[in-house]
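Contents: one structure, followed by commentary.
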Amino acid sequence: MKVDCLIVGAGPAGSIAAKEMASRGYDVLVVEKKQEIGPPKRCAEGITKHGLENLGIELHPLCISGRIKGAALYSPSGKKVTMEGEQMEGYVVERKIFEKWLASEAIKAGAKYMVKTQAMGMERINGKWKVKIKSIDGLQEVEAKLVIGADGVESKVGRWAGLNTVNKITDYHSGIQFEMANVKINEKYIHLFFGRDVAPLGYAWIFPKAFSANVGLGILEKGAKMKAYDYLIKFIEEHEDIFKNAQPIEINGGGVPVAHFTEMVADGVMLVGDAAQLVNPIHGGGITRAIHSSIMAVEVADKALKKGDVSKEVLKEYERMWDEEYGEKTKKLMKLRAFLEKLEDKDFELLADVLQGEDIYALTQAKLSFLIKKIVTKPALLGLAKKYLMD
Ligand SMILES: Cc1cc2nc3c(=O)[nH]c(=O)nc-3n(C[C@H](O)[C@H](O)[C@H](O)COP(=O)(O)OP(=O)(O)OC[C@H]3O[C@@H](n4cnc5c(N)ncnc54)[C@H](O)[C@@H]3O)c2cc1C
């Protein structure tokens, strides 16, 4: 088989890249190792409305399982700060439908898909990649001018292309989640819970859906006294008001790469989405960033293929575009992450006293000055702020 572009992985990053490439007239093949696109999800399924709108994506109504008007944040003692407003509106999607819908849009644009087909390795011969794939028909080889690695957090494509794709273990959150039925909570909000004993160096969440809710948490192993699963059970047991008579209908989990140090391109290779570890390092959301990275990558790939030059130097334009849009912001969010990781429960209580919803939204947008102004009124936090947030 010969194609212009082989895409490994049919998550949001892979299917958007496929649609963008196919609609420009390229011969595109997507291989997905799972037998079904979508499940099992490794995601709380939350997306902001403005995040999708900025990328020109209008969800098919069947993808939407919950409509959200804001977020409620809880300190370790239960103090609540509410974030509302247009920027906070969003959806809890049904990922198994969302991913199939994205794939169907790519197929309509002309992309070919092979499910239950795993990329096994690749070699560069005479300026083309020869990729071994294993499907129900056995082993085959695909020759591609360009390979897009959209193969998620455990990406192999980057490694096969000789890129340095591994972050420090301290830059991966362990996520564990139940989807639960009969959860009693305000379904117009996503709910986030903080505290060293709740989810060390991370947070716990409840994202309500049409007739269930995603209930999970992400932790950093270095701050943990037990496994993520045990923290989740404890969280559920400690909130009887919310979970009395609730039951899990699904369990899932996965790693979240909360730092982006990865090279994104090699000769004839581009990494997008989680394969390039592009999630927001503060809240771990990665869907819109995955989609945005694919849109950018294809813009560069298109020019490179037209020129007949897919060398690393030419594809590096994609890295520059990403850096221009997200580089500064990500650096600030990493600083904020370092600061938040140092906070004890008593510090979270102080923050809950001084921060309003709009301050917290500004923080997620890397506007650290809001936090610094508020912290000046709390001497107990000033030392940490000086060390981690102020240059
Ligand atoms: C517990 C948890 C909760 C999360 N919650 C949210 C949230 O609420 N909102 C949000 O925006 N983000 C969330 N994220 C992050 C989000 O899920 C990811 O950022 C997003 O899925 C990235 O999309 P992707 O297409 O890059 O990768 P993925 O969705 O991981 O897709 C990669 C695909 O590649 C396939 N694949 C891998 N290797 C091969 C191979 N060799 N051959 C063929 N196919 C292969 C995989 O099967 C998979 O389908 C969460 C993550 C976790 C772990």
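Taking the range 131-151 as the region of interest, how many residues are touching a helix residue (DSSP H, G or I) at 6+ places or on another chain (Cβ under 9 Å) and not β-branched (Val, Ile, Thr)? Step through it out loud before you land on a result.
Residues of the range 131-151 touching a helix residue (DSSP H, G or I) at 6+ places or on another chain (Cβ under 9 Å): 131, 145-151.
Still in the running and not β-branched (Val, Ile, Thr): 145-146, 149-151.
Qualifying residue count, the range 131-151: 5.
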Checklist entry - Looking at residue 319, is it in contact with a strand residue (DSSP E or B) (Cβ under 7 Å, 6 or more places away or on another chain), in the same structural domain as residue 127 (by TED's automatic domain parsing) and surrounded by 14 or more Cβ atoms within 10 Å (Cβ to Cβ)? => result yes
Item to check | Failed item in (1) in contact with a Gly (Cβ under 7 Å, 6 or more places away or on another chain); (2) not in a helix (DSSP H, G or I), with residue 309 passing the rest | outcome: (1)
Checklist entry - Does residue 129 satisfy the criteria of being open to solvent by less than 60 Å² (accessible area, probe 1.4 Å), of a type in the set (Phe, Trp, Tyr) and in the same structural domain as residue 279 (by TED's automatic domain parsing)? => result yes
Next on the checklist: Can you say whether residue 91 is within 13 Å of the ligand (Cβ to nearest atom) and within 15 Å of residue 14 (Cα to Cα), as far as the supplied structure shows?
Outcome noted: no
Checklist entry - So which residues in the range 137-158 are of a type outside the set (S, T, N, Q), within 20 Å of the chain's Cα centre (by Cα) and surrounded by 14 or more Cβ atoms within 10 Å (Cβ to Cβ)? => result 148, 149, 150, 151, 152, 153, 156, 157, 158
Next on the checklist: Please go through the range 376-391 and give me each residue that is in a helix (DSSP H, G or I) and open to solvent by 60 Å² or more (accessible area, probe 1.4 Å), ordered by number.
Outcome noted: 379, 380, 386, 387
Checklist entry - Is it the case that some residue within the range 275-282 is near the ligand (Cβ under 10 Å from one of its atoms) and closer than 21 Å to residue 190 by Cβ? => result yes
Checklist entry - Does residue 297 qualify as being within 16 Å of the ligand (Cβ to nearest atom), surrounded by 22 or more Cβ atoms within 10 Å (Cβ to Cβ) and either modelled with pLDDT under 95 or within 30 Å of residue 340 (Cβ to Cβ) (or both)? => result no
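The values are calculated or read from the model by the stated rules, or taken from the named source; none is laboratory data. The structure presented is a predicted model; accordingly, all values stated were derived computationally and were not measured. Glycine gets a Cβ as well: all are built from the backbone with ideal geometry, and neighbour counts include every protein chain shown. Side chains included, ligands, DNA and RNA excluded: accessible areas come from the protein's heavy atoms. Shrake-Rupley method; radii C 1.70, N 1.55, O 1.52, S 1.80 Å.
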